[in-house]
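First up is the structure itself, then whatever we jot down about it.
The values are calculated or read from the model by the stated rules, or taken from the named source; none is laboratory data. The structure displayed is predicted, hence computed values, not measured ones. Glycine also receives a Cβ, built like all others from the backbone with ideal geometry; neighbour counts cover every protein chain displayed. Side chains included, ligands, DNA and RNA excluded: accessible areas come from the protein's heavy atoms. Shrake-Rupley method; radii C 1.70, N 1.55, O 1.52, S 1.80 Å.
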Amino acid sequence: MEIEKLRIKNYRSIKDSGDLILSKLFAFIGRNNTGKSSILKAIYALLGEEEISENDFYNNTLENIELSATIKNFFQQAEKIEIKLIAKRKENDKPEIEYSINGEVKTKTTFNKKIPRPFMIKDIRDPEGEATGSKTSYLNKLIKDIEFNLEIQASEIESLKSKVESLKNKQ
């Protein structure tokens, strides 16, 4: 998956990032407390890897958190999708989250099934152990991500085949 464009509103230390255009390879460089980690956490939250809590609202605001991105699927480069997450603050409760793909509201389960799973390398505490050998090694994670994407493609192909069969039977 490739994130082409990212926008963050009212999340942690970021009021409004504006459109951030990302290249295939990028790095965040800056002084401490300038929002680098907030950008990464926003990406994790948008892609379902991290939960949003009431503490994530910018300066304790009542305004909604809005995280959005344009992404390309690694396996289907021509396909671009717009994904968006809106977190609405609830009184003394977890935020209410709304997910959408290309402007269409989805359940969390459907959203997570439709978007490509991210392959992210977070900060490394034990380089030797995390690089190889463990159940959570990056190589194992990459293999699982590829298998997951292939499973999705296989199920979509089977669904298309059955639709074509039903059309043939109607004729």
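Which percent of the accessible area of the range 1-59 is formed by carbon and sulfur heavy atoms (probe 1.4 angstrom)?
C and S atoms contribute 46 percent here.
Could you rank the peptides 19-29, 1-11, 85-95 by their average count of other C-beta atoms within 10 Å per residue, with the highest value first?
Going by the mean number of other Cβ atoms within 10 Å, highest first, we get 1-11, 85-95, 19-29.
Under a straight-distance cross-link criterion of Cα-Cα below 16 Å, which lysines are reachable from Lys24, leaving out those fewer than 8 residues away in the same chain?
Those lysines meeting the cut-off are Lys5, Lys72, Lys80.
Would you mind getting me the FRET efficiency between Lys36 and Lys113? Use the beta-carbon distance for r and R0 = 41 Å, nearest 0.05.
0.85
Please give me the summed charge of the neighbours of Ile3: other residues whose Cβ is under 10 Å from its Cβ, Lys and Arg +1, Asp and Glu -1.
+1
Among the aspartates and glutamates, select those whose C-alpha is under 17 Å from the C-alpha of Lys88, and discard any that sit fewer than 8 residues away in the same chain.
Partners within reach: Asp16, Glu50, Glu51, Glu54, Asp56, Glu63, Glu66, Glu96, Glu98.
Once the Cβ-Cβ distance between Asn140 and Lys88 is put in as r, and R0 is 30 Å, what FRET efficiency do you end up with, to the nearest 0.05?
After rounding, the FRET efficiency stands at 0.25.
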